[in-house]
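The values are calculated or read from the model by the stated rules, or taken from the named source; none is laboratory data. These numbers were taken from a predicted model, which means no experiment stands behind them. Neighbour counts are summed over all protein chains in view; Cβ atoms, including those assigned to glycine, are modelled from backbone coordinates with ideal geometry. The area values use the complete protein model at the heavy-atom level, side chains included, leaving out ligands, DNA and RNA. Shrake-Rupley method; radii C 1.70, N 1.55, O 1.52, S 1.80 Å.
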Amino acid sequence: MKKQTEAFVSVALIAALLIVLFVLERVIPSTSMLFTVLKKGAIYALVAVSMNLLNGFTGLFSLGQAGFMLVGAYTYGVLTIPVDQRANVYMYYDGGLIQFALHPILAIVIAGIIAGIFAYLIGLPVLRLKSDYLAIATLGFAEIIRAVFQWDKLGPLTNGSNLLRNYPSYKSVLFYFAASGVCIALIVLLINSTYGRAFKAIRDDEVAAEAMGINLAHHKRIAFVVSSFFAGVSGALLAMYQTSIQASMFKSAMTYEILLIVVIGGIGSITGSCISSFLFIILSEWLLRFLDSELVIGGFKVPLLRSGFRKVVFSIIIMIIVLFFRQGIMGTKEFSVRGIYNRITGKGRKAQKGGAADE
Amino acid sequence: MSENVLKVEHVTMQFGGVVAVDNLNLEVNKGEIVSLIGPNGAGKTTAFNVITGVYPPTNGAVYFQGKKIVENHPQGKMRRQYLGENEGKYDHVIAPTPDRITKLGIARTFQNIRLFKSQTVFENILIAEHMRRTSNLFTATLHLNGAEERQMRQEADRLLHIVELDDVRDELATSLPYGKQRRLEIARALATKPSLLLLDEPAAGMNPQETDELTAFIGRVRDDFHLTIFMIEHHMDLVMEISDRIYVLDFGKLISQGTPDVVQSDPRVISAYLGVQEDE
Ligand SMILES: Nc1ncnc2c1ncn2[C@@H]1O[C@H](COP(=O)(O)OP(=O)(O)OP(=O)(O)O)[C@@H](O)[C@H]1O
Ligand SMILES: [Mg+2]
């Protein structure tokens, strides 16, 4: 298959997807669970891919994703609440410190940048640590950030432990797909660039990478900042989707959810992360909801089903995956038009590492 | 300008109470193939690690093409623990990271092969081009550096052809037979365009035929790439055949040096090194 054909088919598929979404939005009521799943799935896909950039492609085991999402979400909320709403939202802080409101798109970009700046600053000391310590340090950072954003003294800026709300948000699922899609495309382009090759070299063997002239500190910092930038953007999108946010939402459990998505999808596979985000959201928002509510069948109360049981099931799933399916759905392979074409025509099977997948 | 490409001066490397390299002095001249030999644990790899910036030495200096690239002296806690000589002679600290040493023109291979295991032969070589990039994060991400990218790939392919690995270009590096992995690691080091090449036991684990091929390969590489080669090796046939000069290390100390003939007949070498080898 020619490169142009491949590109053409890919673009056509994306266009078809957007048209389908566009039509769905017109025929299905907007309160449908379908849209919840699609929007949240798109947001989680972005943050999962951003985490994969670090954990899967650069080999940096970081658990700070929820912290950077929080920074992004707050940046978005703080910068976009309309001026006439501020007295209402910041009612305990005399309307707050900031008395302007930015355009949502601009605020999303700034949300990413602020998250990136945070990442740059904490990356300086933290990125020197080896894997397990890095995970602990980034997790600690996320917890500290969550506490700091709820701190009363910062109330005029963050509204303390109160909700941020009344900021503008886009309702269409198309917006979430477009925003997340553009960001994921940028990450894919980065991974396929010479920088991406350097990241993968660091992942495979730090010592050898350094001997090949790759400045470890510099490249780890780039990966960390870029990953956090996109985590910040996804935080902003999440804020928009939720229509109100609070620092206490961004617990470490959120990072674990994202980690679970990355592991299920395959550490080192972008398409794997995307597919498993939607799977995860479908499961947790839709199919497994019943696990959290008591169920009585013919006077018999089904045991175990109660609030929080879903979490137990998820923990079991993650253990099973880690024990038996360490490769996840995709391993390090990617889902691509060319891969499917080759599988259908039976071509290039030997050249590629496996059927519907190629690098 | 001095003739020597590499000069190691009073280098001592102490790990805790272990003096792995003790007051090492040596020189490698332009165009030479020099070998560093010695029993297991003599401190040979440690000497390489000091030269390439993996560890800053506890004391001493390293010069490359007449320029001081590494320098250190015992500091802090080490000041009291220090067991070596020449304390206080060096008062600066120059401790570049390994990537800076590579950019200066010193490339190396590793005792236990360290290829990028998830990547193909071609990609392993291509990585070396990254350090010469003129693109930045933004132009590279947006793929605005098409010309540079093409040139990088051309360079990598050209090198693959020279080292005769183009037939396995798209294979996973770790799927190659052992001898070819060694060759690939040398090729990858060459891709950084070094003027000094450090080889850490390039013939380790090779059969006699592979060793012969490697001997020819190293000689050819030196001539084709106008290289100076400094090599750690246990295979005595290879060392004696190919080396212009040899240094012998035992328990971190230099015990002999000179041409293969001189070293071979040095009684200290025979007792320390060759004696140990028989036990292996
Ligand atoms: N990072 C380190 N920390 C502590 N001790 C070390 C370290 N690296 C090397 N050593 C010690 O230094 C001594 C020399 O080791 P080195 O690896 O340099 O030997 P070598 O001459 O390369 O031996 P071989 O022929 O087995 O490769 C050994 O006693 C080793 O245990
Ligand atoms: Mg060694």
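Points worth noting:
- Scanning region A:192-237 for residues being farther than 19 Å from B:V54 by Cβ and in contact with a Lys or Arg (Cβ under 8 Å, 6 or more places away or on another chain) gives a total of 1.
- Out of B:L198, B:L249, B:L190, sole residue that is out of contact with any Ser or Thr (no Cβ under 6 Å at 6 or more places or on another chain), within 14 Å of chain A (Cβ to nearest Cβ) and within 16 Å of ligand 2 (Cβ to nearest atom): B:L198
- Test: residue in region A:25-42 that is open to solvent by 10 Å² or more (accessible area, probe 1.4 Å), in contact with a helix residue (DSSP H, G or I) (Cβ under 8 Å, 6 or more places away or on another chain), without any contact (Cβ under 8 Å) to a residue 12 or more places away in the chain and on the phi < 0 side of the Ramachandran plot: yes
- Among strands (runs of 3 or more DSSP E) entirely within region B:1-119, having at least 1 residues that are farther than 19 Å from B:M231 by Cβ singles out B:4-15, B:18-29, B:59-64, B:67-72.
- Failed criterion for B:K117 (all others in (1) among the basic types (K, R); (2) buried (at least 17 other Cβ atoms within 10 Å of the Cβ); (3) at pLDDT below 95 hold): (2)
Okay, residues lined up against (1) in contact (Cβ under 8 Å) with a residue 60 or more places away in the chain; (2) under 18 Å from the mean Cα position of the chain (by Cα); (3) surrounded by fewer than 16 Cβ atoms within 10 Å (Cβ to Cβ):
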| site | (1), (2), (3) |
| --- | --- |
| A:V126 | no, no, no |
| A:G140 | no, no, no |
| A:T158 | yes, no, no |
| A:N162 | yes, no, no |
| A:N166 | yes, no, no |
| A:S180 | yes, yes, no |
| A:I184 | yes, yes, no |
| A:L190 | yes, yes, no |
| A:S193 | no, no, no |
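- Residues in region B:120-133 that are surrounded by fewer than 23 Cβ atoms within 10 Å (Cβ to Cβ), more than 7 Å from chain A (Cβ to nearest Cβ) and either at pLDDT below 95 or part of a helix (DSSP H, G or I) (or both): B:F122, B:R132.
- Flag if B:L142 is away from ligand 2 (no atom under 16 Å from the Cβ) and more than 8 Å from chain A (Cβ to nearest Cβ): no
- For region A:195-205, the set of residues classified as touching a residue at least 40 places away in the same chain (Cβ under 8 Å) and open to solvent by 10 Å² or more (accessible area, probe 1.4 Å) consists of A:K200, A:R203, A:D204, listed by residue number.
- Elements of the type helices (runs of 4 or more DSSP H) sitting completely within region B:134-198 and holding at least 2 residues that are touching a residue at least 24 places away in the same chain (Cβ under 8 Å): these cover B:146-162, B:178-190.
- For region B:202-212, the tally of residues that are away from ligand 2 (no atom under 16 Å from the Cβ) and surrounded by fewer than 16 Cβ atoms within 10 Å (Cβ to Cβ) stands at 4.
Residue-by-condition table, conditions (1) away from ligand 2 (no atom under 14 Å from the Cβ); (2) open to solvent by 10 Å² or more (accessible area, probe 1.4 Å); (3) acidic (D, E); (4) touching a Phe, Trp or Tyr at 6+ places or on another chain (Cβ under 9 Å):
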| residue | (1), (2), (3), (4) |
| --- | --- |
| B:L24 | yes, no, no, yes |
| B:E32 | yes, yes, yes, yes |
| B:T45 | no, yes, no, yes |
| B:Y55 | no, yes, no, yes |
| B:G60 | yes, no, no, yes |
| B:I69 | yes, no, no, yes |
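- Residue among B:K253, B:K193 that alone is within 16 Å of ligand 1 (Cβ to nearest atom) and under 23 Å from B:F64 (Cα atoms): B:K253
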